[in-house]
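**Q** The following block contains the structure, expressed as structure tokens.
The values are calculated or read from the model by the stated rules, or taken from the named source; none is laboratory data. Values in this document were obtained by computation on a predicted structure and should not be read as measured data. Using ideal geometry, Cβ is built from the backbone for each residue, glycine included, and neighbour counts are taken over all protein chains shown. All accessible areas refer to the heavy atoms of the entire protein, side chains included, with ligands and DNA or RNA removed. Shrake-Rupley method; radii C 1.70, N 1.55, O 1.52, S 1.80 Å.
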Amino acid sequence: MTEPSIFTRILNGEIPGEILARTDRVFAIRDINPQAPVHVLVIPVTEQYRDVTELAAGDPGLLAEMVAMAKQIATEHADGEYRLIFNNGARAGQSVFHVHAHVLANIEESRLVGF
């Protein structure tokens, strides 16, 4: 059996973390190393999916719930405007292999990178 992820440990109260929102299947916490004035992680309660590709294939409804919570967080903390990022793999910056989305908002215009 593998160890619970840091996100599960935060959800279970084993590690301190600020939980901003929670449903039966999804929760949101502040990022401990924020890259923007609003930087929140949206995470499924289940550890079943390592990355967004696995989640999209295995439970698209759960992925939709994550996106809905991201919108809710952005509405509450950033007038509804936000960037939603999923890192997929270690070389793409993913360091915790329990799928999660980064909600970034209130980014200074000079820090925005266009795509």
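**Q** Give region 57-105 a look and list any residue that's among the charged types (D, E, K, R) and closer than 22 Å to R9 by Cα, or say none.
**A** If the condition is that a residue be among the charged types (D, E, K, R) and closer than 22 Å to R9 by Cα, then E65 is the only one that fits.
**Q** Given region 1-101, what strands (runs of 3 or more DSSP E) lie entirely inside it while holding 1 or more residues that are in contact (Cβ under 8 Å) with a residue 60 or more places away in the chain and either touching a helix residue (DSSP H, G or I) at 6+ places or on another chain (Cβ under 9 Å) or open to solvent by less than 80 Å² (accessible area, probe 1.4 Å) (or both)?
**A** 26-30, 38-44
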